[in-house]
Amino acid sequence: MTSEAIRAGGRVSERQVVPPEERERNRKRASRRNILSAMLFLSPWIVGFLVFTAWPMIYSAYLSLTDYDVINNPNFIGFENYAEMMSDPKILLALGNTAFFTLVQVPLYVIVSLALALLLDRAGRASGFFRTVFFLPKMTPPVAVGVLFLLLFNGQTGLVNTVLGWFGINGPAWTTDPAWVKPGLIFMSLWTVGASVIILLAALRNVPETLYESAKLDGAGFWRTSFSVTLPMISPALFFIIIVNTIAGLQTFDEAYTAFFGAGNTTYSNDAALFYVIYLFQQAFEFLNMGYASAMAWLLFLVIMIVTAIQLLVSRKLVYYEGDR
């Protein structure tokens, strides 16, 4: 054991150096205290995740292997629900409707959001006002948007067809013609681009001005600058918006259900608006086939996982991060 002499006030005192073993014990005690403190602060989230996310997922996985009508006890039937899905024609119909909606809506959503963000980026001081204007529709309850869809896209008295009539265009029957139901819902979904506009606007304003100056010195025009500077620099924000809206598109429910299935609505062409989550909801809460609905939920989860994984793989070549070398 080592020691050091310290002289103070003419007297000599000895201070023993703490042994390595005790220092290690103190370090471990401090580490345990830090971990316990962190777990204490995280405990509300952990409890919420276990109770409201992890346990429902585990239980729904079990229910997907049962015949369960909510009233009686679950009856284990193995993979019969999954086998039944393979022969259910409405599963294919709902998946087709959902895929069409997502494949068309997501690109349009991104294009409109980017166009509005580019306009706001040039709006100067007025951009604050327009940011608020564009974001306000996002605050509208989805049920209200569904009702608004019926009012705006009514084939006889709707505002959309009235405006088209001013230009001599005979508008389609958006809510009754199966060929126009999904396009109408896609156009209506653009009502809520405000959040994406704000995200893209923030990304645009973070692009270094020096890059634009260098492009200008090289003689690059608007389009060349857009594709060589702007889009690569905001690609992380674009990728985030694409991922989030793809997942939301695959789970489309509120507006379509309110417009075409709410309150026993049978007036309109329901099959054209039968999205996957709507059919899942019907199986669970209208037909009380909770086991079959749970199997449908896990199929949707698998589809979303595969689609997201593909997007992540593609993003490695298309998304630029400033830390990349």
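The values are calculated or read from the model by the stated rules, or taken from the named source; none is laboratory data. As the structure is a prediction and not an experimental result, all values here were calculated from the model. A quick note on method: Cβ atoms are made from the backbone with ideal geometry, for glycine too, and the neighbour counts reach across all protein chains shown.
Here is how the numbers come out for the structure above:
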| read-out | value |
| --- | --- |
| Test: residue 237 is at pLDDT below 95 and surrounded by 21 or more Cβ atoms within 10 Å (Cβ to Cβ) | yes |
| Pairs, first on the phi > 0 side of the Ramachandran plot and charged (D, E, K, R) in region 260-283, second assigned to a helix (DSSP H, G or I) and modelled with pLDDT under 90, C-beta under 7 Å, six or more apart | none |
| Flag if residue 191 is assigned to a helix (DSSP H, G or I), out of contact with any Leu (no Cβ under 6 Å at 6 or more places or on another chain) and exposed (fewer than 14 other Cβ atoms within 10 Å of the Cβ) | no |
| Scope region 195-249; condition in contact (Cβ under 8 Å) with a residue 40 or more places away in the chain, touching a Lys or Arg at 6+ places or on another chain (Cβ under 9 Å) and of a type in the set (Val, Ile, Thr); matching residues | 197, 198 |
| Selected residue [at pLDDT 90 or above, surrounded by fewer than 11 Cβ atoms within 10 Å (Cβ to Cβ) and not β-branched (Val, Ile, Thr)] from 45, 55 | 45 |
| Residues being of a type in the set (D, E, K, R) and over 31 Å from the mean Cα position of the chain (by Cα) - total across region 177-223 | 3 |
| Neighbours by Cβ (under 7 Å, 6+ apart or cross-chain): first from region 38-58, in the same structural domain as residue 293 (by TED's automatic domain parsing); second outside any helix (DSSP H, G or I) | none |
| In region 194-228, residue surrounded by the fewest Cβ atoms within 10 Å (Cβ to Cβ) [restricted to those that are of a type outside the set (A, V, I, L, M, F, W, C) and closer than 30 Å to residue 153 by Cβ] | 194 |
